[in-house]
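All remarks here apply to the structure that follows.
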Amino acid sequence: MSRYLPAIAALLTLIPTAGHASEARGKSAPPSEKGCVEVSGTALPGAAGGPAYGAAELKCGAKLSLVLRRQTGRNGNLPVWADVDRVTITRPSPRHELLQPIYCSSSRFPGDAVFALGKMAEQPDGTHRSENIVKAWRFDIERERLAAIPIDGVLCELDAVD
């Protein structure tokens, strides 16, 4: 039996460690900061034929981060993600929230996914519209980064629920 131990030890080094278990479930590697929890996530449009992208909002203690992710492969039906950019978010008040690209657009960057930090307020017709936007970012697909953009021309809207 002892003559097989070196061969068994060599084979064991080829087996992935438990540290990669999160990737096997289709999640990204844990954030570099300890104590971070994913609050929300969204898919982002990518270039035709290129990799898929996503973004996640992470709560790291009292701080929030917006993390841009690129799909690096698949493990069965589940995607495997790698973090490519991160922006730290400071909310001026508890009512400010990260508004997702599904609701937001920018007249300056009409084709880009836009995130905004602001408030949503109900309108008389039952729709919701952004107010008091204090920061905004767009997904720059060519550079694979989140780029700060001017807040003028950024609008986030949500139709009325029937």
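The values are calculated or read from the model by the stated rules, or taken from the named source; none is laboratory data. In this text, all values refer to a predicted model and were calculated from it rather than measured experimentally. For accessibility, only protein heavy atoms count, side chains too; no ligands or nucleic acids. Shrake-Rupley method; radii C 1.70, N 1.55, O 1.52, S 1.80 Å.
Within region 41-93, the proportion of C-alpha pairs whose separation exceeds 18 Å stands at 39%.
3J(HN,Hα) couplings calculated from phi for region 132-140 with the Karplus curve 6.51 cos²θ - 1.76 cosθ + 1.60 (θ = phi - 60°) are, in sequence order, 6, 6, 10, 8, 8, 9, 10, 8, 8 Hz; Gly and Pro show x. Residues whose amide H lies under 5 Å from that of LEU99, counting only those 5 or more places away or on a different chain, are ALA116, LEU117, GLY118; hydrogens are built 1.01 Å from N in the peptide plane. The slack in the chain from LYS63 to GLN123, taken as 0.36 nm per residue of separation less the alpha-carbon distance, amounts to 18.6 nm. Of the residues TRP137, TRP81, the one with the largest accessible area comes first in the ranking TRP81, TRP137, computed with a 1.4 Å probe on protein heavy atoms. Scanning residues 5 or more positions from LEU44 or on other chains, those with amide H under 5 Å from its amide H are TYR53, GLY54, ALA55, with H placed 1.01 Å from N in the peptide plane. Across region 73-80, coupling constants 3J(HN,Hα) worked out from phi with the 6.51/-1.76/1.60 Karplus curve, θ = phi - 60°, read x, 9, 10, x, 8, 9, x, 10 Hz, and Gly and Pro carry x.
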